[in-house]
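Written below as structure tokens is the structure these notes are about.
The values are calculated or read from the model by the stated rules, or taken from the named source; none is laboratory data. Note that this is a predicted model, so its numbers are computed, not measured. When we count neighbours, we look across all protein chains shown, and the Cβ atoms used for this are built from the backbone with ideal geometry, even at glycine. SASA here: full protein model, heavy atoms, side chains in, ligands and nucleic acids out. Shrake-Rupley method; radii C 1.70, N 1.55, O 1.52, S 1.80 Å.
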Amino acid sequence: MTAIPFPEPRADVLARRDFLIAGLSGLVPPACLVTSEDERRAFETDAFTAYRRVPLAVVLPETTAEVSAVLAFCHQHRVPVVPRGAGTSLCGGAIPQEDAVVIGLSKMSRILEVNYQDRLARVQAGVTNLAITHAVSADGFFYAPDPSSQLACTIGGNIGMNSGGAHCLKYGVTTNNILGVTLVLVDGTVIEIGGEAMDAPGYDLLGLVCGSEGQLGIMTEAIVRILPAAEGARPVLFGFGTSEEAGKAVAAIIGAGIVPVAMEFMDKPAIDICEAFAKAGYPMDVEALLIIEVEGSDAEMDATLAKIVEIARKHGVKRVKESKSAMETAAIWKGRKSAFGATGRIADYICMDGTIPTGQLPYVLRRIDEIVKHYGLRVANVFHAGDGNLHPLILYNVNDPAEAMKAEEAGNDILKLCVEVGGCLTGEHGVGIEKRDLMRHQFKPPELDQQMRVRAAFDAGWLLNPAKVFPLEGRV
């Protein structure tokens, strides 16, 4: 039994499948249209693998003009469209419907321009996050947002979900690092939002598009900020006797006005999982671990770390281990960034994504443990502690329907807890289908109605990613 409902596929669209495919075949080269059932199955789900639907067809355009033509055709014939990047969404943001055409942007993977004078790069939507940094690193620059999936995830998906990463504490999330986008609207109209300057005239539509989960249009190009790399960077491991002590240390560090470049949290289950996979040198005799990275000159890093160590000692830190080489630093971050994949080696899991005020960390960590134990399951916590962006990994057996249901219920309770302490349902993974019905818990009816009116102003027929973000009932 499916816990999260999907709309019934529209019979009139399914009945016209041959006609629609014939029309699409005239808009893109043959290699850019996927129609066989076996090939379409590659697009039936994303990283939220508990749910899947085989789409009507898949189009892989190579240009903005092709995206425009496909959207105009689908709009004319009232066919739903699901935008897709690399398919790394953890909330079901790219899961299609049987009556929908998937527009995948993986072929649009070129870096079009790098401008060091203005510190920006113009890229296509299918460029991977890490490829931007690779393109400019030899000249001493980097692209700041760094989600754990940055090797695979693409800039279009990053913008759709407003992705963050370990270093967003200092440098901000995607919305803080983009200057403009080329957006194709539902009827095929192409518009430019923002630009190359730090500020753009008119309404801040860029802020609206970033995090809109592909419901306002399909982004085909982006102008992103590139930043000069720091003189040096140094991660330090801090081991604590309890998760609550680690949580209190995080709140105290932020409360003291210290902003490290990154501050990541792992509890004991996560430490064990990541160390077994990455051999990162994590301390194994602690119950919670903070990876705190500082950057700057040696003198600056020494001064900042001295303040952090002093605060950590007031909160019962048991181990302090400083990276002594580039190899150690790479291993430390390999362990953290491999956490989701490493966990998948030992169990199925649901990765949650809620955000809370950092002062609530000790209480929320204790409640997460209580909630998951109540359902008879296990949890591994690994997350961006500095900005309170939680990622509890709820472990379960995907082949046991009862356990799968319990895992979803536990996840819902955790997200409700985040809202109740003053946080929100998502920090960077988006709402997708996973949290769609929890939007009523986050927002009052007038607030939710206003958001849906804004969404409908871009797409009155609700054709773009239609089953996502908002509850199925009460749509305007």
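Below, the figures for the structure above:
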read-out: Residue identified as on the phi < 0 side of the Ramachandran plot, surrounded by fewer than 16 Cβ atoms within 10 Å (Cβ to Cβ) and either in contact with a helix residue (DSSP H, G or I) (Cβ under 9 Å, 6 or more places away or on another chain) or among the small types (Gly, Ala, Ser) (or both) among GLY376, GLY359, GLY386, GLY341; value: GLY341
read-out: Failed condition for SER163, given (1) assigned to a loop (DSSP other than H, G, I, E, B); (2) surrounded by fewer than 24 Cβ atoms within 10 Å (Cβ to Cβ); value: (2)
read-out: Matching residues in the stretch 253-279 - criterion: being buried (at least 20 other Cβ atoms within 10 Å of the Cβ) and among the small types (Gly, Ala, Ser); value: ALA262, ALA270, ALA278
read-out: Qualifying positions in the stretch 122-145 - small (Gly, Ala, Ser) and either within 24 Å of SER89 (Cα to Cα) or free of Cβ contacts under 8 Å to residues at least 40 places away in the same chain (or both); value: ALA125, GLY126, ALA131, ALA135, ALA138, ALA144
read-out: Cβ pairs under 7 Å, 6+ apart, first in the stretch 182-196 and in a strand (DSSP E or B), second small (Gly, Ala, Ser); value: LEU183/GLY217; VAL184/SER68; VAL184/GLY217; VAL190/SER68; GLU192/GLY180; ILE193/GLY180; GLY194/GLY180; GLY194/ALA200
read-out: Residue tally, condition part of a loop (DSSP other than H, G, I, E, B), within 30 Å of ILE433 (Cβ to Cβ) and open to solvent by less than 30 Å² (accessible area, probe 1.4 Å), over the stretch 204-249; value: 7
read-out: Filtered residue count, the stretch 1-26, keeping only those that are surrounded by 12 or more Cβ atoms within 10 Å (Cβ to Cβ) and either touching a Gly at 6+ places or on another chain (Cβ under 8 Å) or within 27 Å of THR88 (Cβ to Cβ) (or both); value: 6
read-out: Of all residues making up the stretch 131-167, the number that are under 15 Å from the mean Cα position of the chain (by Cα) and either among the hydroxyl-bearing types (Ser, Thr, Tyr) or closer than 20 Å to LEU208 by Cβ (or both); value: 14
read-out: Tabulated pairs, the stretch 214-238, first on the phi > 0 side of the Ramachandran plot, second not in a strand (DSSP E or B), C-beta under 6 angstrom, 6+ apart or interchain; value: GLY214/GLY160; GLY214/ASN465; GLY217/LEU185
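Conditions tested, residue by residue: (1) within 17 Å of MET219 (Cβ to Cβ); (2) crowded, with 24+ Cβ neighbours inside 10 Å.
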| site | (1), (2) |
| --- | --- |
| ILE95 | no, yes |
| LYS107 | yes, no |
| GLN117 | no, no |
| THR133 | no, no |
| ASN158 | yes, yes |
